[in-house]
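Working notes, beginning with the structure itself.
The values are calculated or read from the model by the stated rules, or taken from the named source; none is laboratory data. Since we're looking at a predicted model, the values are computed, not measured. Virtual Cβ from ideal backbone geometry, glycine too; neighbours counted across all protein chains shown.
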Amino acid sequence: MIFQNHTIEFDPTNCVGCKMCYQACFIDVIQWDAENKRPVFKYMNECEHCNYCEVSCKKGCIKVIVNWESQRFIQSFDMYK
Ligand code: SF4
Ligand code: SF4
């Protein structure tokens, strides 16, 4: 696995439990807390920083913070030699 170390800020203040962020994540980074009707960002090491969750939240609760130092961004063609 390529280490990425991205983070997501989640502010539940305006969250209405619409589940759009959960449905937007095409992998299983976001799990759903049915009892509290809130997303749970559980598997952050799998996050692909696609920002779908952030843009799908019309309440502005989510901010994806990309780690530009992660190995995904600093790999070069040298690794294919
Ligand atoms: S940025 Fe993309 S991969 Fe990461 S939690 Fe959001 S929707 Fe899922
Ligand atoms: S999309 Fe936004 S408002 Fe809807 S459940 Fe997710 S965080 Fe809450």
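Observations
- Scanning region 13-46 for residues that are outside any helix (DSSP H, G or I), out of contact with any strand residue (DSSP E or B) (no Cβ under 7 Å at 6 or more places or on another chain) and either surrounded by 12 or more Cβ atoms within 10 Å (Cβ to Cβ) or touching a residue at least 40 places away in the same chain (Cβ under 8 Å) (or both) yields VAL16, CYS18, CYS25, LYS37, ARG38, TYR43.
- Hits in region 1-59 - residues which are among the polar types (S, T, N, Q) and in contact with a Cys (Cβ under 7 Å, 6 or more places away or on another chain): GLN4, ASN14, SER56
- Within region 11-53, tally of residues that are near ligand 1 (Cβ under 10 Å from one of its atoms) and of a type outside the set (Ser, Thr, Tyr): 20
- Among the residues making up region 1-50, those that are modelled with pLDDT under 95 and of a type in the set (S, T, N, Q) are GLN4, ASN5, THR7, ASN45.
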